[in-house]
Each structure stands twice: as C-alpha cells, then as structure tokens.
1. Got a sec? Which of L74, L82 is within 24 Å of R160 (Cα to Cα), in the same structural domain as P143 (by TED's automatic domain parsing) and assigned to a helix (DSSP H, G or I)?
2. Answer yes or no as to whether T211 is in a loop (DSSP other than H, G, I, E, B), more than 24 Å from the chain's Cα centre (by Cα) and not assigned by TED's automatic domain parsing to the domain that holds T39.
3. Taking the criterion of being farther than 15 Å from A129 by Cα and modelled with pLDDT of 90 or more, would at least one residue in segment 80-92 satisfy it?
4. Filter segment 188-206 for residues that are surrounded by 18 or more Cβ atoms within 10 Å (Cβ to Cβ) and among the aliphatic types (A, V, I, L, M) and give the result.
5. Return the only residue of V200, V152 being within 21 Å of the chain's Cα centre (by Cα) and assigned by TED's automatic domain parsing to the domain that holds V122.
6. Filter segment 23-49 for residues that are over 10 Å from P65 (Cα atoms) and acidic (D, E); which is surrounded by the most Cβ atoms within 10 Å (Cβ to Cβ)?
7. Considering segment 58-69 alone, what residues qualify as being over 18 Å from D27 (Cα atoms) and surrounded by 14 or more Cβ atoms within 10 Å (Cβ to Cβ)?
8. Could you pull out the residue among S174, S151, S157 that is exposed (fewer than 14 other Cβ atoms within 10 Å of the Cβ) and not in a loop (DSSP other than H, G, I, E, B)?
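The values are calculated or read from the model by the stated rules, or taken from the named source; none is laboratory data. Quick caveat, the model's predicted, so the values are computed rather than measured. Cβ: placed from backbone, ideal geometry, glycine included. Neighbour counts: every protein chain shown.
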Amino acid sequence: MDGFLGPEALCDERTLGFAFPTQIAHDRMRRAFRDGLDTAGVPYRWGDSESGLEFLRRHEAVFCPSFEFMEESLQRALAEYLQLGGIVVMGPEVPTRGETMRESAILDDFTARPVHKLDGPVDTLVFNAGAGRLVLLTDIIDPGTDTAQESVAAIVSFLRIAPLFPVTAPCDRSVFRYGDRTLVFLANPTDNDQRPRVTVGGATRLFDWWTGEEFVGTGQVPVAMRPWQVRAMEVAPC
C-alpha cells in the first residue's frame, strides 16, 4: 500500500538470474497499471494469483504484471480466458516457467506472431490469442511517470475500453462498484462553483447520499458543485 514501506525498501535488489528483480519490478508494474487506469478513468477490481477463470470472465480485460515465471494455475486460467475472448495485458516478460521453476510456457504459445504494434513510448505488441487478444508491454513502466500514463492510455484507446461516468474538467470523479450498486464520488478541487457534466448512458438518476439531492438526465447529467465539495452519488436508471 502507498504510504508503507514497499518491496523497493524491503527486498533484495539482485536479479537472482532473471532479467529483472522480480520481487521489486512486479510491484512497480502493478502500481503503474493502477495509476494509468486511474488517469484514464477506467474502474478496476484487484485480483491475485488465485483468481480463477470465473472471476476473470466477469471483466472486459485483465492487466497482469508478468515475468519469467508464473503459477501454472494462473497461466492456465489466463489462457482459458483468452480462448473465450478475453483481453490480457501483460509484461514485460512472457512466463516460461511455473512456480517450481519447471518449464511451463502455456501463455508463450500465443506470442509467436504479433498482429499489431501500438504507437507509444514502450514497444507494445498485440497478439491474437484464441478468440481474445494478448497485449505485451516489452519493458518495465514505473508508476507516476509520463511513460506509464502514456503506455496505459495507448492500450486503453486501442482496446476501446470506455471510462465509466467521465466528468468534465476541472472536476474529478472516482467510481466504486459493489455487487449491482454503483457509486460515483464527484469532487470539485477549486475555489469556485462548478457545474460539471457527468456522462451517463440512457436516462439516469444520480442520488447524493450526503445531501439527498437528485440529478437526472440523459447522455450528460449536470451537477452543481460548491468550492471543494465532494459528492457521493448512487447511480440508478430513471
């Protein structure tokens, strides 16, 4: 977690025979993916190495730091997810070994021939993989850098992953989903009154849990915001 000592402070920085110090680089990639998705306005849910196929199938795409080794069970789950039409964004390496360091190149079978190269600061290759697509970042990206933001933005744009409930500047928003409920946290980070427009789908009602106000509209919903105000609004169809 941010604010706590992370792997860079606690782990040995030697590569131990691998291309990268995996124990540190994995966390850097994870945080870079997170920051890039936050900036792009794309909501996400954290998974882990035990996330099975059913969990993966509930998502449009999976961003997964990857190095020379990866648990075989996760490799198999990602491969099945790709075969069923999922999108996997990974890198900087394609795993060729499992958790016991024995040969296991399940995902490597998908990377024989790239079909596209993205226009971004890091070489990013796209492969057809079953009914899905595998996107490979070929180098480490660091959190908080322009390279990370631009790399993730290029991937999101290419895959046409649309942000949920984008809001007009200068206001910002964060989306929280729990089960079938969606909350949009809207913030005005200025000294002035603002009236940002929140992009929605069809006719939508935004209910502010803190003030009891409702904002209704189709396509874009204007929301009155006082200086430095934060709203927590539940989204519901009209």
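1. Residue meeting the stated conditions: L82.
2. Against the criterion (in a loop (DSSP other than H, G, I, E, B), more than 24 Å from the chain's Cα centre (by Cα) and not assigned by TED's automatic domain parsing to the domain that holds T39), T211 qualifies.
3. Yes - at least one qualifying residue is present in segment 80-92.
4. Passing the criteria: V198, V200, L206.
5. Testing whether each residue is within 21 Å of the chain's Cα centre (by Cα) and assigned by TED's automatic domain parsing to the domain that holds V122 leaves just V152.
6. D35
7. The answer is H59, A61.
8. S157
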